[in-house]
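None of the figures in this text is laboratory data; all of them are computed from the coordinates on show. These figures come from a predicted structure and were not determined experimentally. All Cβ positions, even for glycine, are placed from backbone atoms using ideal geometry, and neighbour counts span all protein chains on display.
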Amino acid sequence: MKVKNKSSKALEKKKLKILLELGNIGAKHAANSLSKILKQPVTIDVPRVGMIPPGMLPKFYHGQNTPATAVYIHLTENVECHFLFIFEMLELKEITTLMTRSLSYVEHESSIELSAIEELGNILIGSFLTAISDFTGINLVSTPPLLIGAPFDSIISDFVGKLARTTGEALVIDTCFKRKGGYYAPAQLMIFPSYELQELLINSSKVSSKKAGKRSDVELIFAGDLAIETKAQDKTRRKSKVAGEL
């Protein structure tokens, strides 16, 4: 049993290293594109990656019930995959204000600002699509971006309900936008690939373990550890509830 667990852990670690390299490549492409548009240096770090069963995402991100905007697209040919890039509203306005060269915020987004958000989504998700295409050798065609405004938790719960049965593990890539002046803006990219595409990513990737594992400052989220943690939290909550009733 121990040998099996070690083997499973090693395979999961290999998958996470591939995902990390995918995230780094996509983030680099996106940062280069944004730097040209904003006419100032922009970097995008990837501090955390994980492969999480969709049903566990609401618990993993629980407590982030803040206003947010998500950019959503899905693939229309060859393989099935859904992309969800979520920004909290304040961070999104910071970036789109720069993109539109606006001097102040407005209460409601104008058509120009909405176009900026769509363009931002195209740049970000398009960069990761390019990375996936390079990994698998498949030409990927996507729908136009769809904007969704809702509390952070609600966005995740809604998509999990729709996609949990048709996709494999969710690929979670947490990103952090940085520019001059110490400004940074966190955002979450969630990729819901079909089982077919997930296998293609793992089997087709030419990334070596040595290259993908160079960075040691990235948090790798293991689904097994997350399941154990969730069970422990549920057990603690049940004990607390019983104690309260007594």
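Strictly over 23 Å apart at the Cα level, which of K17/K93; K93/K180; K14/K180; K28/K178; K36/K180 would you flag in this model?
K17/K93; K14/K180
If packing is taken as the average count of other Cβ atoms within 10 Å, what order do 78-84, 20-26, 113-119 fall into, highest mean first?
Result, highest mean Cβ count within 10 Å first: 20-26, 78-84, 113-119.
Under 1.5 on a/c is rounded, so check that first for the range 116-168, then, if it is not, pick prolate when a/b is larger than b/c and oblate when it is not; a ≥ b ≥ c are the square roots of the alpha carbon gyration tensor eigenvalues.
oblate
Go through 120-128, 143-151 and give me the packing order, highest mean Cβ count within 10 Å leading.
In decreasing order of mean packing, 120-128, 143-151 become 120-128, 143-151.
First select every other residue whose beta carbon is under 10 angstrom from the beta carbon of Q188; then total the charges, Lys and Arg +1, Asp and Glu -1.
Once all neighbours under 10 Å are counted, the net charge is -1.
Quick one: grab the alpha carbon gyration tensor of the range 125-199, order the square roots of its eigenvalues as a ≥ b ≥ c, and give me rounded if a/c is under 1.5, else prolate or oblate depending on whether a/b is larger than b/c.
Oblate, since a/c reaches 1.5 and b/c is not below a/b.
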